[in-house]
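The values are calculated or read from the model by the stated rules, or taken from the named source; none is laboratory data. Everything quoted here is computed from the prediction, not taken from an experiment. Every residue, glycine among them, receives a Cβ derived from its backbone with ideal geometry; neighbour counts consider all protein chains shown.
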Amino acid sequence: MSGITFAEPLFLWLLVIVPGMVVFYVLKQHKSSAALSMPDLKQFANAGTTFRHYLRYVLFALRAAAVAFLIIALARPQSTESYQDVSTEGIDIILALDISGSMLARDFRPNRLEASKNVATEFISGRPYDRMGLVVFSGESFTQCPITTDHAVLINLLHEVQSGMIEDGTALGMGLATAINRIKD
């Protein structure tokens, strides 16, 4: 268990309760006797123990385990292996992507749109500390992904973009205006 610390280690002293519970239970079991003794039960004395005999201790074992786990939870275990104190500076970037019919031209492989998405994915992956968003435009424009630091979501939304999602045309001015409105605040 390397790399585990407790925020409140003093609570672990309460684990002494668990052995005390076990001792109390064992003593209680030895002192317990039947309320009514029958003289003819001696013939069952050599019957042996079965699985059902041991099953009666399961409830106590579950209670003791629950108390132990509750005490450990109160101590607030924490992993220290993945702790990092990183201070970074980044900028806000909005990608504006044309998804009009002209992006389906095959002068790049497989077409302009897919080539643009591949280049944008590489760009996003190379900027881990920047907040980025995505605006798509054709005949009109809309925000596909607002500014975020979760680049995996941005890349997934980028790969879902396809030509024909909105009315065809090339409203470059609307796309840039939407991108600027997203980044200005």
Matching residues, the stretch 94-149, being touching a residue at least 60 places away in the same chain (Cβ under 8 Å) and surrounded by fewer than 17 Cβ atoms within 10 Å (Cβ to Cβ) | Gly101, Ser102
Of the residues in the stretch 92-151, those that are within 36 Å of the chain's Cα centre (by Cα), aliphatic (A, V, I, L, M) and not in a strand (DSSP E or B) come to Ile99, Leu113, Ala115, Val119, Ala120, Ile124
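Give the stretch 159-175 a look and list any residue that's in contact with a strand residue (DSSP E or B) (Cβ under 6 Å, 6 or more places away or on another chain) and assigned to a helix (DSSP H, G or I), or say none.
Met174, Gly175
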If you take the residues in the stretch 143-170 that are out of contact with any Leu (no Cβ under 7 Å at 6 or more places or on another chain) and more than 21 Å from Ile93 (Cβ to Cβ), which one is modelled with the lowest pLDDT?
-> Thr170
